[in-house]
Amino acid sequence: MWWSKRRVRLAAVAGAITVTALLLLTLLPVPQRFSFHGAAIYDPDPNCLGIDTTSGTTVQFSWSAVSPIDFFVVSCSGSQEIYEGNGTQGSGAFVSSGGLYEFGASCPEGPCVPADVSGSFTGPLLPL
């Protein structure tokens, strides 16, 4: 009988630790960095590759290219343009409304000069 009570207690403690760890990973904001090399956004491409953010997250970024380009940040979930810049470099920031954001040179009809992007945001390690 003594062993079964001890096992129940150990299982309860392990469960509490697991639940606490998951809550911390999904709720605790953690500074995160990102970078994309050769980033380009193609019009017929249905994929949205970028960063996944929660609502209220501030995203800061800078971009560069070897020759002048049109650069965009697009909200994939909101299907809207968040930032537009042109030239060989730039930077910006925005407050996320949540969801995926894609960064890159505008490449409406095929090959183009891509951009390199780097930035940071604060968000949970495990977005819900």
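The values are calculated or read from the model by the stated rules, or taken from the named source; none is laboratory data. All values reported here derive from a predicted model rather than from experimental measurement. Heads up, the Cβs are rebuilt from the backbone with ideal geometry, glycines too, and the neighbour counts pull from every protein chain shown. Ligands, DNA and RNA are excluded from the accessible area calculation, which covers all protein heavy atoms including side chains. Shrake-Rupley method; radii C 1.70, N 1.55, O 1.52, S 1.80 Å.
Some notes on this structure:
- For the chain, the longest principal axis of the alpha carbon atoms and the long axis of helix 2-27 meet at an angle near 20°.
- Within the accessible area of the chain (1.4 Å probe), percent carbon and sulfur: 59 percent
- Projected label points at residue 113 and residue 80, each 7 Å from Cα along the beta carbon direction, are separated by 3.0 nanometres.
- With Cα atoms as the point set, the chain shows a radius of gyration and Dmax of 20.7, 76 Å.
- Each residue, residue 60 and residue 16, gets one label point 7 Å from its Cα in the Cβ direction; the gap between the two is 4.0 nm.
- The stretch 7-128: relative contact order as a whole-number percent, Cα under 8 Å and 6+ apart: 40 percent
- Relative to the globular-protein estimate of 2.2 N^0.38 Å, the Cα radius of gyration of the stretch 27-75 stands at 1.36.
- Helices in the chain, meaning DSSP H runs of at least 4 residues, each add -39500 (n - 2.57). Divided by all residues, the mean residue ellipticity at 222 nm is -7000 deg cm²/dmol.
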